[in-house]
1. Evaluate the charge dipole of region A:114-170 about its Cα centre and quote only its size in Debye, nearest 20, assuming +1 on the Cβ of each Lys and Arg and -1 on the Cβ of each Asp and Glu.
2. 5 Å is the cut-off here: which amide hydrogens, built 1.01 Å from N in the peptide plane, fall below it relative to B:VAL104, excluding neighbours closer than 5 in sequence?
3. Just to compare against my own numbers: the Cα pair-distance distribution for region A:16-128, 10 Å bins, whole % per bin, please.
4. Rg and Dmax in Å for the protein assembly as shown, alpha carbons only: what are they?
5. Are there residues in region A:228-243 whose accessible area shrinks by at least 40 Å² when all protein chains are included rather than the chain by itself, and which are they (probe 1.4 Å, ligands and nucleic acids not counted)?
6. Please list, in chain and number order, the residues 5+ apart from A:GLY345 or on another chain whose amide H is under 5 Å from its amide H, with Hs placed from the backbone.
7. If you plug each phi of region A:95-102 into the Karplus form 6.51 cos²θ - 1.76 cosθ + 1.60 with θ = phi - 60°, what whole-Hz ³J(HN,Hα) values come out, in order, with x for Gly and Pro?
8. Accessible area per residue of region A:176-231 at 1.4 Å probe, in Å²?
Amino acid sequence: MANMSLLKNPMPVQEPLVRNGNFKEVALGYTEDQAIDEANRCLGCKNRPCVGGCPVAVDIPDFIAKVKEGDFESAYQIISKSSALPAVCGRVCPQETQCESRCVRGIKGEPVAIGRLERFVADWHMAHAEGAPEMPEQNGHKAAVIGAGPSGLTCAGDLARMGYKVTVFEALHLAGGVLVYGIPEFRLPKAIVQKEIENLKALGVEINTNIVIGKTITVDELFAKGYEAIFIGSGAGLPRFMNIPGENLKGVYSANEYLTRTNLMKAYLPDSDTPIMSAKNVAVVGGGNVAMDAARCAKRLGAENVYIVYRRGKEEMPARNEEIEHAEEEEIIFKTLNNPVEILGDEHKCVKGIKCVEMELGEPDESGRRRPVVKDGSEFVLDVDCVIMSIGTSPNPLIRNTTEGLDTQKWGGIIADENGQTSREGVFAGGDAVTGAATVILAMGAGKTAAKAMDEYIRSKNA
Amino acid sequence: MYKIVMKKILNPTVTMMKIDAADIAAKAEPGQFIILRVDEKGERIPLTVADFDREAGTVTIIFQIVGAATQKLNQKKEGEYICDFVGPLGVASHTEGLKKVAVVSGGVGCAIAYPIAKKLHLQGCEVHSVVGFRNKDLVILEDEFKGVSDKLKMMTDDGSYGEKGLVTNALKELIDSGEKYDEVIAIGPLIMMKFVCALTKEYGIKTVVSMNPIMIDGTGMCGGCRLTVGGQTKFACVDGPDFDGHQVDFDEAMERSNMYKDFERKRHEEICNLLNKEVN
């Protein structure tokens with residue numbers, strides 16, 4: 001029976017003022033009854049607008065139809081045909097601007113909670129499925145994937161399903177890329193990432209950690225080792241700073257460093273050898289998802305006041321609405337239309353404040369967002385002992401510097417066409433290494449597209 | 001897992017290990033570094049490559065026991081394993097075209113300077129080594145330096161071995177005696193490198209230093225290793241670790257290097273208690 005409620009089934013969550021003191025997952029997930037009730041809001045439209053909004057084109061109405069029947073395993077099988085990491089996507093995709101933004105139910109009321117249903121189905125499968133996926137029949141060809149993040153893992157999974165022997169090379173000691181070093185435990189439990197990776201291994205994907213391509217082995221050496229096609233998904237690179245005075249004071253972190261210490265190195269656990277500053281007052285500069293993650297980590301690490309300092313207004317923030325709402329509920333203080341001009345230090349070169357100016361919105365700029373302009377005489381100092389810069393990254397130079405014939409953009413991103421093909425034959429690329437900092441699902445989409453192109457390339461070469 | 005194929009105590013606070021890591025040994029060059037993690041809960045720490053054997057597939061590291069991670073590493077015995085070992089990272093030291101070089105190093109920095117001195121020696125460069133330690137008990141690699149240096153000055157702060165004085169005293173003497181160097185390479189504690197650079201700046205001799213800041217990934221991701229060089233922010237992991245010493249902001253680097261001193265101290269004590277040892 002169709003459920004004509006205008007509102008989504010709300011996601012059960014940990015209480016804001018409890019959860020901002022722990023690293024356990026914030027969203028608790030639907031129960032079976034809630035999932036079926038929500039699935040019944042789906043009208044099963046014939047023209048399937050939602051599917052067009054998904055970068056990996058999950059057959060959304062089909063899986064939801066199975067949820068309605070209570071056949072959760074079949075629902076999972078439908079999702080996993082298109083998505084290599086369903087439990088991850090159900091948690092971190094910006095559904096409100098993708099599948100859910102196209103949902104007919106959203107015209108009057110809220111769209112179907114597609115993301116929450118995807119998460120439910122993936123979690124149900126993990127809790128109930130017996131045995132690992134079967135290894136597909138091998139086609140005798142080898143492909144290499146550089147970087148075990150969202151784009152690389154997706155590419156590897158798709159190639160493995162086509163029968164390729166895939167080896168993934170990861171620079172860090174753990175596979176997962178941003179899913180393990182960047183996105184915090186409370187938003188994406190690492191056990192879930194680990195499970196998704198185990199599934200890929202069961203498909204025959206081999207993951208070699210502690211290998212830095214461009215240093216330990218080069219792209220050319222990979223070809224010499226018999227890999228017929230190579231996918232570069234090396235991710236975002238060096239953190240950007242604002243080039244304002246005081247950025248090298250003690251207590252100034254890039255979001256990458258702060259999150260890596262916290263998430264990958266588990267600095268929040270008492271037995272971790274990796275230190276992290278325990279700050280009282282923290283300013284996070286930036287308005288993206290990464291800034292929200294850093295701010296919420298700082299709160300959980302014991303900061304009393306955590307500020308998001310962003311030069312435009314809240315409406316212009318690139319972060320997902322849900323992340324902004326969660327941060328607000330957790331008492332993160334938003335200082336929008338504020339721009340830092342200097343970080344102030346004490347006699348020990350430790351951060352003691354951040355000097356900001358107030359901004360107002362002027363005419364729209366080339367990005368279509370209204371350009372912030374400084375308000376005269378609006379300078380003020382925020383007393384903080386830690387500043388986290390979360391204003392983006394520029395691509396890592398290691399691969400482009402060691403791979404001849406690989407063309408890159410002026411800003412360093414690898415140039416790839418719509419199929420992920422780079423200027424080097426047999427070399428494909430996708431994810432943040434190509435686009436600059438973007439989302440997990442866009443990277444996954446790029447990995448998926450590239451896998452298809454790599455398959456075609458290898459076939460045509462062997463034809 | 002990476003096997004410790006050899007372990008040797010060089011002095012009470014400095015240990016040498018050879019690690020089985022053929023991929024890295026095949027590529028490593030003097031001046032580059034590796035990142036290691038002793039166990040699952042360990043910190044990622046950078047250590048400069050002290051030597052490598054491409055045939056045996058081993059990489060030599062020499063480390064001073066300063067914090068929790070190096071303390072844990074030192075607990076490991078020959079034949080045991082460490083969990084992660086990745087590299088070679090950073091840009092190799094430039095040695096091309098150098099005909100006469102003074103290699104100035106102090107303390108455990110000698111371990112980093114030695115492979116560079118060796119490479120210079122093998123390419124026919126005249127090498128004058130100035131090596132400094134606090135006292136006689138801490139002297140390491142003397143024979144190794146002897147083997148690759150045309151001149152060797154051993155210095156100790158207290159005069160218990162070699163000449164009494166700082167490495168800068170010996171370097172100044174060499175320069176004043178008329179030695180003309182294409183370049184000075186200085187590797188050691190930040191304060192030592194700072195003063196070597198101050199000296200060579202006076203004489204207008206190009207000086208290269210090897211920086212060893214706090215790092216996590218070592219591949220150009222976290223930005224923790226940033227330094228100010230010539231007024232610009234540089235990342236030691238991908239832009240370095242070698243830099244023009246006359247451009248480096250040493251005071252800032254010194255401040256940044258002690259960011260976690262309190263944490264390290266506490267963790268050190270915890271581990272000592274765990275091992276029922278006295279804190280040294």
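The values are calculated or read from the model by the stated rules, or taken from the named source; none is laboratory data. Please read all numbers here as calculations on a predicted model, not as lab measurements. As a convention, Cβ positions derive from the backbone with ideal geometry for all residues, glycine included, and neighbour counts pool all protein chains shown. All accessible areas refer to the heavy atoms of the entire protein, side chains included, with ligands and DNA or RNA removed. Shrake-Rupley method; radii C 1.70, N 1.55, O 1.52, S 1.80 Å.
1. It comes to approximately 160 debye.
2. B:VAL130, B:ILE185, B:ALA186, B:ILE187
3. Histogramming region A:16-128 at 10 Å steps yields 15, 48, 29, 8, 0 percent.
4. 27.6, 97
5. A:LEU238, A:PHE241
6. A:LYS352
7. Once rounded to whole Hz, the list reads 4, 5, 9, 10, 3, 5, 5, 9.
8. On the way: 1610 Å² over 56 residues.
Value for region A:176-231: 29 Å² per residue.
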